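Structure, as structure tokens:
Just so you know, all these numbers are worked out from the coordinates, no wet-lab data involved. Here the structure is a predicted model, which is why all the values come from computation and not from measurement. Here the Cβ is made from the backbone with ideal geometry for all residues, glycine too, and neighbour counts use every protein chain on show.
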Amino acid sequence: MKTVQIITDSCSDLTPELMGRYGIDYAKMNTVYQGKEAPADLSWTPESVRELYGIMRNGGRVTTTQVPAGEFERIFREYAAKDRDIVYISCSEKQSGSINTARLVAQDLQKEFPGTKILCVDSKHASLGEGVLAIEAAKYAADGKSAEQTVAFTEEKRKYLHQFCTVHSLDALKRAGRVKATSAFFGNLLGVKPILVADADGVQAAYKKSKGRLGSLEEIVSLLKEHIVDPENQTVYLAHSDCDPAEVKTVKELILKSIPCRELFVGYIGPIIGASIGPDAFALFGFGDEITFRASED
């Protein structure tokens, strides 16, 4: 049986260290600013983080593209030529069309590499939610599992991965068309902060509101505490879009005080999700009870 290579994309917000640890690679999307495209590289530095979010804080608009077909062809071909089967774990299909491009490229390449499987999985997540599923898939495949087994495992695992996110406002997400919410959530009432989740269908949805910035930070930790299962045996992931270091410290302390997780990972919300969500957002990820909330039924 062939070795299975896990590939994700720029939405995953994995660090080079995490990708190196678990043998994951990624296909690059692009950011677009003032008409110029640039690859959405996940080798972030504090300087590049401040640059992106500084543009947005100063009123600049950064947009994004999905993974180009040529990029999928490059990375799929690289690992097919190494005689590996491939499992691509994508950003939620509700937020990006990249998985559809990947499926078409995979179909064409399998004519050239008929003995190679190239399978595509909708993570139903973005940011470190997508990245966490890629990590879990890589660990599972490393135990000698097939590409088909890894796909089935990932599709089951995604049902239990919770995301709780807070932003200063929904304006950036509304402009980007990345979030589902009623008009009431777009009111930006003074001091009211929205809480977002990835619902059971992979939709980024406004879930509830919280009063004040600190209240919203406490709320996302409380929600994860409510839904997480077996925290002692898992890593909790925290991602933020260039938040104040004092706030990052506060959220870390809230998590460690409330949730007895084995490990806490803290990283940045990367260029693709960052361009949509804007600066000063926090997102928490952890495995828990099955996700049943659907924005369409709210």
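The table for this structure:
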{"quantity": "Reciprocal of mean inverse Cα separation for region 235-286 (Kirkwood radius, Å)", "calculated": "11.3"}
{"quantity": "Segments 96-103, 48-55 sorted - mean Cβ within 10 Å per residue, highest first", "calculated": "96-103, 48-55"}
{"quantity": "Trypsin sites (Lys or Arg not before Pro) restricted to region 240-298 and DSSP loop, no more than 11 other C-beta within 10 Å", "calculated": "Arg262"}
{"quantity": "Segment Lys157-Ala69, extension gain: residue separation times 0.36 nm, minus the distance between their alpha carbons", "calculated": "28.9 nm"}
{"quantity": "Euclidean distance between Cα centres, region 54-104 to region 113-128, Å", "calculated": "11"}
{"quantity": "Efficiency of FRET between Glu290 and Thr3 - r from beta-carbon atoms, R0 22 angstrom, step 0.05", "calculated": "0.10"}
{"quantity": "Estimated distance in nm for a label pair at Val248 and Lys36, the labels positioned 7 Å out from Cα along Cα-to-Cβ", "calculated": "2.6"}
{"quantity": "Extreme residue, positive dipole direction of the chain, given options Val167, Ser146, Gly129 (C-beta unit charges)", "calculated": "Val167"}
{"quantity": "Label selected from (1) 19.3; (2) 25.3; (3) 20.1, the criterion being Kirkwood radius over Cα pairs in Å as computed here", "calculated": "(1)"}
{"quantity": "Whole-angstrom gap from region 215-230 to region 251-298, using each part's C-alpha centre", "calculated": "9"}
{"quantity": "On Cα atoms only, tilt of 128-141 relative to the major axis of the chain in degrees", "calculated": "40"}
{"quantity": "Net dipole in debye of the chain [+1 Lys, Arg Cβ; -1 Asp, Glu Cβ; about Cα centre; nearest 20]", "calculated": "500"}
{"quantity": "Partnerless cysteines, meaning none of the other Cys C-beta atoms lie under 4.7 Å away, in the chain", "calculated": "Cys120, Cys165, Cys243, Cys261"}
{"quantity": "Long pairs among Lys2/Lys139; Lys139/Lys257; Lys157/Lys193; Lys157/Lys211, criterion Cα-Cα beyond 24 Å", "calculated": "Lys139/Lys257; Lys157/Lys193; Lys157/Lys211"}
{"quantity": "Whole-Hz couplings from phi, Karplus 6.51/-1.76/1.60, listed for region 257-268; x for Gly and Pro", "calculated": "6, 9, 10, x, 6, 5, 7, 10, 9, 10, x, 8"}
{"quantity": "Inter-label distance for Lys208 and Asn58, nm, one decimal - labels placed 7 Å from Cα along Cα-to-Cβ", "calculated": "3.9"}
{"quantity": "Top positive-direction residue, dipole computed over region 199-284 with Cβ charges, set Gln204, Gly215, Ile272", "calculated": "Gly215"}
{"quantity": "Sparse-neighbour loop sites [GluC sites (Glu not before Pro); region 210-298; at most 12 other C-beta within 10 Å; DSSP]", "calculated": "Glu290"}
